[in-house]
1. Using 7 Å Cα-to-Cβ label points, what is the Ser24/Asn77 separation (nm, one decimal)?
2. Scan region 62-167 for chymotrypsin sites (Phe, Trp or Tyr not before Pro) in coil per DSSP, keeping those whose Cβ has at most 13 other Cβ atoms within 10 Å, and list them by number.
3. Points 7 angstrom from Cα along the Cβ direction at Glu155 and Val110: gap in nanometres?
4. Skipping prolines and chain starts, which residues have an amide H placed within reach, meaning under 5 Å, of the one on Ala112, given they are 5 or more residues away or on another chain?
5. Kindly list the residues of region 125-167 that lie in the label zone of Lys32, defined by a backbone N under 19 Å from the point 7 Å along the Cα-to-C-beta vector.
6. What order do you get for 24-30, 154-160, 137-143 when each peptide is scored by the mean count of other beta carbon atoms within 10 Å, highest first?
7. Accessible area of region 103-167 with a 1.4 Å probe: how many percent of it is carbon plus sulfur?
8. When ligands, DNA and RNA are left out and all protein chains stay put, how many square angstrom of accessible area per residue does region 99-167 have with a 1.4 Å probe?
Amino acid sequence: METEPFGGSLADIHNMHFVRYNDSVIKKRVSKLLKVADLGIVEILEEKDKRKLNENKSVDDGIGEREFLFVHKGKGNVVRRFIPSMESSGTLKLFKIASRILYALEIGSVVAYDEMDMAIHPDLFKLLIQLFNGSRSNPHNAQILFTCHTPSICEIMRADQIWFAQK
């Protein structure tokens, strides 16, 4: 298994991400990215899932699954909260990818995706890749390794960042 410079495996990085997702910096950045993506989301809320012991009791032991709510502001400033099943698959994929990418940028780690262009819109894909090329958005020299079938992504990358492979 590949290891990261701090000694953890790449899988550990993703596990740490979910443990540290409560970090307000990452939450703010994911919210900001979703706003920039113009999905109509103005805020992301997080609630812990209360696991039921029996029909009369529930317990919150701190390790239950987390539920995210996506807050949208519509016409007339009407605010609505959407559970994940009410969001499009593209929005949910962007949410998952963005949170991992922003976490990698925050700690300076490596993140890898297979066929990343199949998960999100090409313009959003380019935006996420550009985050790794900016010294301001990537001060800790994080890296992304991905496969894709979108030739236009080469327009925003340097020649030394591209590797063509044939199966």
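1. About 2.4 nm, to one decimal.
2. Answer by residue number: Trp163, Phe164.
3. 3.0 nm
4. For Ala112, the qualifying residues are Leu145.
5. 125-143
6. Answer by packing, highest mean first, reads 24-30, 137-143, 154-160.
7. On the way: 2320 of 4310 Å².
Whole-percent figure for carbon plus sulfur exposure: 54.
8. Details: 4400 Å² over 69 residues.
Value returned for region 99-167: 64 Å² of accessible area per residue.
The values are calculated or read from the model by the stated rules, or taken from the named source; none is laboratory data. Computed from a predicted structure; not experimentally measured. Reconstructed Cβ throughout: ideal geometry from the backbone, glycine too, with neighbour counts over all protein chains shown. Just so you know, the surface numbers come from the protein's heavy atoms only, side chains and all, with ligands and any DNA or RNA stripped out. Shrake-Rupley method; radii C 1.70, N 1.55, O 1.52, S 1.80 Å.
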